[in-house]
Amino acid sequence: MTNRQITDSIFYAGVNDKTLDLFESQYVVPNGVTYNSYVILDDKCAIMDTADKRASTEWKQNITEILGDRKPDYLVVLHLEPDHSANIQNICEHYPDMKLILSAKAKAMLPQFFDEDLTDRCIAVSEGDELSLGRHTLKFIMAPMVHWPEVMVAYEASEKILFSADAFGKFGTLDTQEDWTCEARRYYFNIVGKYGAQVQTLLKKAKTLEIETICPLHGPVLTEDLEYYIGKYDLWSRYEPEDDGVFIACASIHGNTMNACRKLSEILTEKGAKKVVVTDLARDDMAEAVEDAFRYDKIVFAAASYDAGVFPCMEEFLHHLKAKNFQNRKAAIVENGSWAPSAGKVMRTMLEGMKNISICDNAVTMKTTMKENTVNEMEQLAEELLAK
């Protein structure tokens with residue numbers, strides 16, 4: 001971020017990380033990620049969160065450059081996950097008189113993360129508590145399980161800024177030119193997605209606030225079209241489909257199941273599907289597959305049988321969906337098996353354990369390669385899947 005100044009007295013102190021291969025050791029980040037931190041300069045000074053240990057040197061340099069000769073009075077800890085809290089002890093040693101402002105749960109968890117006992121420096125705040133810095137006042141709003149239990153957000157009323165912790169975050173560095181929605185959606189469903197009810201609770205609280213700027217802990221500061229971003233979070237956290245389309249999740253061993261999926265995609269398109277997306281679960285990004293499953297209103301699970309079960313990448317995909325509270329979708333099943341097709345039964349059983357998944361009566365069973373009867377079954381499945 002070339003210009004670190006957000007307002008006359010609020011500054012960005014975060015760091016771009018383009019060297020990270022896997023966020024949380026599981027999500028590919030081709031355009032990196034940011035560790036966002038902010039500084040409020042007033043009669044008293046507050047640092048809003050720290051940064052990952054990978055960014056310690058640059059983050060600390062940013063902090064000292066913004067503060068100059070001043071010393072911070074407070075470090076506000078909105079979220080204790082290590083990519084935001086790794087430098088708490090480091091900055092506390094540098095500024096021995098600085099107090100920590102955090103939730104009671106965060107205070108209780110803090111000793112798990114650091115060797116030094118910081119308890120005496122902690123000021124625990126509760127729902128609605130306020131911290132005056134002079135012209136600026138921070139109001140704290142508890143946001144448990146968005147997406148850790150200690151999380152809170154902070155609202156600064158004079159400049160109408162919401163410091164939103166991990167909410168409204170996205171993958172990608174600040175100098176990456178890309179659409180916000182795609183990587184924010186992938187971030188949301190894979191990291192926060194399980195906690196839709198808790199996000200809804202936070203959004204209801206946010207509706208009572210006049211917000212002109214959102215400062216998240218990952219991704220860009222949001223200053224325009226806030227109704228769009230808030231609307232996306234509202235939709236996603238209600239587990240409602242975002243787009244009318246069919247997502248075909250394919251787990252193919254030798255390519256025969258994938259051939260059938262491509263043919264099914266053609267059939268669906270011919271029958272009027274607005275959009276059809278096919279992904280190869282064995283090779284494509286699993287996190288993006290999870291994102292697309294939540295994005296579209298209809299989904300096809302197509303998999304080869306394997307060891308009297310289902311090909312492992314499909315089983316993994318279904319486990320991810322269940323863990324993220326996948327629900328409110330229309331689904332169809334395509335199975336393949338050379339001598340004893342078993343994938344369909346396994347997939348159906350796993351889907352029946354999810355909430356409000358309507359599974360088509362028509363299913364496709366193929367034995368090794370696609371035949372004329374396979375195409376006929378796919379025609380029937382497509383008609384049922386697209387029926388209103």
*If amide H atoms are built 1.01 Å from N in the plane of the peptide, which residues on other chains or at least 5 residues away come under 5 Å of the amide H of T368?*
G337, S338
*asked:* What is the sum of charges, Lys and Arg at +1 and Asp and Glu at -1, for the other residues whose Cβ falls under 12 Å from the Cβ of E352?
replied: +4
*Please list the non-local residues whose amide H lies under 5 Å from the amide H of M152, H modeled 1.01 Å from N, same-chain partners needing a gap of 5 or more.*
A143
*Given the rule -39500 (n - 2.57) for each run of at least 4 DSSP H residues, summed and divided by the residues of the chain, what is its mean residue ellipticity at 222 nm, to the nearest 500 deg cm²/dmol?*
-9500 deg cm²/dmol
*Taking the structure as given and computing Kirkwood radius over Cα pairs in Å, which label from (i) 21.0; (ii) 21.8; (iii) 22.6 fits?*
(iii)
*Within a Cβ distance under 14 Å of L110, other residues only, what is the Lys/Arg minus Asp/Glu net charge?*
-3
_To the nearest 20 Debye, how big is the dipole of the stretch 196-355 about its Cα centre, given +1 on the beta carbon of each Lys and Arg and -1 on that of each Asp and Glu?_
620 debye
*Which of the cysteines found in the chain have nothing to pair with, since no other Cys Cβ lies under 4.7 Å from theirs?*
C45, C92, C122, C182, C215, C313, C360
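By how many nm would the segment from L235 to N373 grow when fully extended, if each residue of separation counts as 0.36 nm and the alpha-carbon distance is taken off? Numbers along the way, then the final one.
Working: separation 138, 0.36 × 138 = 49.68 nm, distance 3.96 nm.
Extra length available between L235 and N373 comes to 45.7 nm.
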*Subtract the Cα-Cα distance of D225 and D284 from 0.36 nm times their separation in residues, and report this length gain in nm to one decimal.*
18.0 nm
*Run down the lysines and flag those whose C-alpha is under 20 Å from the C-alpha of K345, throwing out any fewer than 8 positions away in its chain.*
K298, K322, K330, K355, K367
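Report the gain in length on full extension from C182 to S358: 0.36 nm times residue separation, minus Cα-Cα distance, nm rounded to one decimal. Working shown, then result.
Numbers: separation 176, 0.36 × 176 = 63.36 nm, distance 2.62 nm.
Going from the current span to full extension adds 60.7 nm.
Using a 1.4 Å probe, what is the accessible area per residue for the chain, in Å²? Mind showing how you got there, number by number?
On the way: 16640 Å² over 388 residues.
In whole numbers, the chain has 43 Å² accessible per residue.
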*Quickly work out the Q89-to-E383 label distance, labels modelled 7 Å from Cα along the C-beta direction, and quote it in nm with one decimal.*
6.7 nm
_Euclidean distance between Cα centres, the stretch 290-339 to the stretch 1-62, Å_ = 37 Å
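The values are calculated or read from the model by the stated rules, or taken from the named source; none is laboratory data. These numbers come from a predicted model, not from an experiment. Methodologically, a virtual Cβ is constructed for each residue, glycine included, from the backbone with ideal geometry; neighbour enumeration extends over all protein chains shown. Protein only, heavy atoms only, side chains kept; ligands, DNA and RNA dropped before computing areas. Shrake-Rupley method; radii C 1.70, N 1.55, O 1.52, S 1.80 Å.
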